[in-house]
Amino acid sequence: MHPRDDSPSADEALGRAAGLLRAAERVAVLTGAGISAESGLPTFRGAGGLWEGHRVEDVATPMAFARDPSLVWRFYNMRRAALGTVQPNPGHHALVRLEERLGEGRFTLITQNVDGLHRAAGSRRVLELHGNLRRVRCTRCPAALDRGLEELGELPRCDQCGELLRPDIVWFHEMLPQDVWMAAGRAVGTCQCLLVVGTSANVYPAAGLVRLGRDYHAKVIEVNLERTPASDHADETLLGPSGEVLPRLVQALASGGR
Ligand code: BJW
């Protein structure tokens, strides 16, 4: 259990963070697995995290897929099935309210998550850096499509060319989709406030966005259960579950006017 920090200094930090958001013309948000933890999806590196049951090197690399595609598909089919049992939580919904408040052109949500919960909550401007569990693509031809939560079986094949399909996920040793990555860099490089939520800030190049924001003079607010490497670049670190901290932050922003 990670109790919420209810100290007066935590309230002051929340107020200061709301002030940073209020002063920003543009806001970018970078989220990680922690924001979906309160929806019931395990994080990657926490206790009970996916990597404890499955070594990521065994499942989330192109080499693993070449070696044993059935194992990799079993892992992703399990993750796809889990999506059918979860809903966005108050942290996701708070980010929807933040986007609504700022309006078009002033807000970009960059996520490392592949669970689609930001869009399910109603966020509109979402950049998915690491792909999406619902999508598949062919290992040979350009076919790529959203298969929702359909049961795919252990070795699903492409309707177009008959070759093996793979999850449309960015695995280790793979490049991020270039257009999405460029858009994320632009959003971070032009925002005045970067909100970093529920990421261990360990996996690159996504983690490098925090430093990029800092270098381009954005104020950085971090929301996490614990300090991370991003904390060194943060103007405010709000410790606590994002499903509680984010609604309070957005509420504080709203009650401060503008
Ligand atoms: C809460 C909370 C609550 C919990 N409220 N907070 C050595 C070998 C191989 C590669 C590398 C290497 N060294 C460096 C690399 C590069 C590699 C990398 O960065 N590795 C690091 C681990 C060192 N990166 C890559 O390979 C990337 N590509 C690349 O670099 O291309 C160039 C290249 C080309 C050719 C050759 C080599 C390089 C691609 C990275 C893709 C990452 N993909 C994954 C897996 C996807 C598969 C899947 O989902 O099945 O994406 S990795 C995994 O980590 C996933 C996540 O998106 C990503 C980030 O994790 P995240 O979101 O931060 O989660 P956690 O669990 O780490 O943290 C959760 C946080 O939440 C914690 O801080 C908690 O405290 C907090 N929390 N509950 C608030 N309620």
Size of the chain along its principal axes in angstrom, Cα-based, largest extent first?
58, 37, 29
Roughly how far apart, in whole Å, are the Cα centres of the stretch 134-181 and the stretch 83-118?
24
Projecting the Cα atoms of Val56, Leu102, Ala206 onto the charge dipole of the chain, where Lys and Arg contribute +1 and Asp and Glu -1 at Cβ, the residue farthest towards the positive end is Leu102
Provide the per residue accessible area, probe 1.4 Å, for the chain, rounded to a whole number of square angstrom.
48
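Loop only by DSSP, 12 or fewer other Cβ within 10 Å of the Cβ. Give me the GluC sites (Glu not before Pro) in the stretch 90-169 that pass, ordered by residue number.
Glu104, Glu150, Glu151, Glu154
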Pair-distance profile P(r), taking every C-alpha pair of the stretch 101-140, with 10 angstrom steps and integer %:
27, 47, 21, 5, 1
Return the ratio Rg/(2.2 N^0.38 Å) for the stretch 132-178, where Rg is computed over Cα atoms only.
1.13
For the stretch 200-255, state which trypsin sites (Lys or Arg not before Pro) are in a DSSP loop and have at most 14 other beta carbons lying within 10 Å of their beta carbon.
Arg227
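The values are calculated or read from the model by the stated rules, or taken from the named source; none is laboratory data. In this text, all values refer to a predicted model and were calculated from it rather than measured experimentally. Cβ: placed from backbone, ideal geometry, glycine included. Neighbour counts: every protein chain shown. The protein model used for the area step is the full one, side chains on, heavy atoms only, and it has no ligands, DNA or RNA in it. Shrake-Rupley method; radii C 1.70, N 1.55, O 1.52, S 1.80 Å.
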